[in-house]
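So the structure is just underneath, and the comments pick up after that.
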Amino acid sequence: MRIMRNIVFSPFYKVLMADFFMADQLTSQIPLLRHMEFAACYFMAGSFRANPYETCTTSQQYKHLAYVISFLPYYWRAMQCLRRYIEEHDINQLANAGKYVSAMVAAAVRFKYNVTPTPFWMSMVLISSSGATVYQLYWDFVKDWGFFTPKSRNLWLRDDLILKNKFTYYLSMMLNLVLRLAWAQSVMKIRINKNETRLLDFSLASLEIIRRGHWNFYRYLELV
């Protein structure tokens, strides 16, 4: 609870390792948070007694709250970076905050596209999401994992490798790249039924958990 308090009120508490580590995990738990929102609406608001199943997904209030939930984890993480920048005067923290701001912008544009699916907003989704993805991939590979070290004796990696098999690193880089592009399905407009949509959402959420697990593993290797 203390960690969650520190995350929610990020600008007002000193950011410890446990705080920013947990906040990073929350950015990968947005689908879970949105399902928790639906569960709260479905059971606590009494809609399961008096209203149809779709009530908690079609109302404007639900859609706006879903956007806020998608926005908050990135906001909290950005605030943590700003707090650390103020305390440590490390420009990398400011740049890291920019990564989360780009993710918030991309999420906002995708939300707008879902409401107004016009060619203009599709192009804005492609621009904002592609920019955010490039930003995130750079930070994953270079800043968090320590790869692409100039003049490294291990091509595209770093000098000190804990795992002996280099192929594992290259495979993880490719997997991280592919999973970072999962947002593309939101603009592909695949024609599937409701059950298939839920299965797709579940699959994408599971893939994000896998991607986060990879990130955690290599982030740990970078720290040891």
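Every number here is computed from the coordinates shown, using simple stated rules; none is lab data. What you are looking at is a predicted structure, and each value in this text was computed from that prediction instead of being measured. Note: ideal-geometry Cβ built from the backbone for every residue, glycine included; neighbour counts use all protein chains shown.
Please give the direction-averaged projected area of the C-alpha convex hull for the chain, in square nanometres with one decimal.
14.7
Entry note, the chain: relative contact order of 17 percent, from Cα contacts under 8 Å with a spacing of 6+ residues.
Only DSSP H runs of four or more residues enter the estimate; each adds -39500 (n - 2.57), and after division by the residues of the chain the mean residue ellipticity at 222 nm equals -23000 deg cm²/dmol. The charge dipole of region 2-223, taken about the Cα centre with unit charges on the Cβ atoms of Lys, Arg (+1) and Asp, Glu (-1), comes to about 220 debye, rounded to the nearest 20.
Cβ neighbours within 10 Å, averaged per peptide: list 153-163, 6-16 in order, most packed at the top.
6-16, 153-163
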